[in-house]
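Please read the structure below before turning to the comments.
Throughout, read-outs are computed from the coordinates displayed, never taken from laboratory work. Keep in mind that what you see is a predicted model, and the values were worked out from it rather than measured. Neighbour counts run over all protein chains shown; Cβ positions are idealised from the backbone, glycine included.
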Amino acid sequence: MAVRRGLGSFGVVPTTSTSSRRTVISVFAALGLVVAAMVTLGATGLAVKPVNGQALAVLEEVPGPESGPTCAVDKRYVDEDTFGMRPDVIEAWNAMRAKAKAQNITLCVNDGKRSRGQQQREFDKAVERFGSVEQAKKWALQPETSMHVKGIAVDIQPLNSASWVDKHGGPLGWCRRYDNEKWHFEYDPAYKTAGCPALLPSATGN
Ligand SMILES: [Zn+2]
């Protein structure tokens, strides 16, 4: 799922000046800002600027296989098979899904298990896009660190279903982990008794 931010407003061109020439210059200055912003967008394809002290957004969730059936409650998402996830995780997922269903909430697996190759391809794309491994690491995970590759993470959609899990998943071992990913949950049986850990800013540690 793409998370993008708009450019925001550039503000109103000052009109208090009595000199029309100065107003014209202001207009051109504003246009210059827009052009500069567009050039930046062209270079990275992104409409987001890192802000000091703020977590970087995960720009695009790594897509899983596109072959999953459409999510029954929201056609924008798929509902992948849990194949390849750790067996105890699949069992815990099925238990939570049944509990949600009993409360008329449908949980779709928009992204579950990823292969190492799949995660590596996505990371390689990020390297291409951001120009270096160091930069790419701020936006994408390598196979060694992805909980989807480990088979213990599920990206749940639609978001109101994810928020049900945020409220009720802890005692079932499912916790949201990252402030910037409302849809990403990880399973750990220890959460059932210890409760969910504090949210981290993002999966990439930024
Ligand atoms: Zn995820």
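Qualifying GluC sites (Glu not before Pro) in region 119-206, where qualification requires a DSSP coil assignment and no more than 13 other C-beta atoms within 10 Å, are lacking entirely. The residue among Tyr187, Gln118, Ala162 whose Cα reaches farthest toward the positive pole of the charge dipole of region 87-194, with charges on the beta-carbon of Lys, Arg, Asp and Glu, is Ala162.
For region 72-171, the equivalent ellipsoid derived from the alpha-carbon gyration tensor has semi-axes of 29, 15, 12 Å in decreasing order.
Given their separation in residues at 0.36 nm each and the Cα-Cα distance between them, Glu91 and Ser163 gain 23.9 nm when the chain is fully extended. A DSSP coil position with no more than 16 other Cβ atoms inside 10 Å describes the following chymotrypsin sites (Phe, Trp or Tyr not before Pro) in region 68-101: Phe83. The magnitude of the dipole of region 65-206, with charges of +1 and -1 set on the Cβ of Lys/Arg and Asp/Glu and taken from the Cα centre, is near 180 debye. A simple count of charges around Ala136, restricted to other residues whose Cβ falls under 11 Å of its Cβ and scoring Lys, Arg +1 and Asp, Glu -1, yields 0.
Legend: calculated FRET efficiency, Val127 to Asp188, from the Cβ-Cβ distance at R0 = 35 Å, rounded to 0.05, equals 0.70. Backbone amide hydrogens, once placed in the peptide plane, bring Asn206 within less than 5 Å of Leu56, excluding anything fewer than 5 places away on its chain. Distant-in-sequence amide contacts of Tyr77, defined by a placed amide H-H separation under 5 Å and a gap of 5 or more residues or a different chain, comprise Cys71.
Pairs with C-alpha atoms separated by more than 30 Å, drawn from the list Lys99/Lys125; Lys101/Lys137; Lys75/Lys113; Lys99/Lys182; Lys138/Lys182, are Lys99/Lys125; Lys101/Lys137. Along region 92-101 the Karplus relation, 6.51 cos²θ - 1.76 cosθ + 1.60 evaluated at θ = phi - 60°, assigns HN-Hα couplings of 5, 5, 4, 5, 5, 4, 5, 5, 5, 4 Hz to successive residues, with x for each Gly and Pro.
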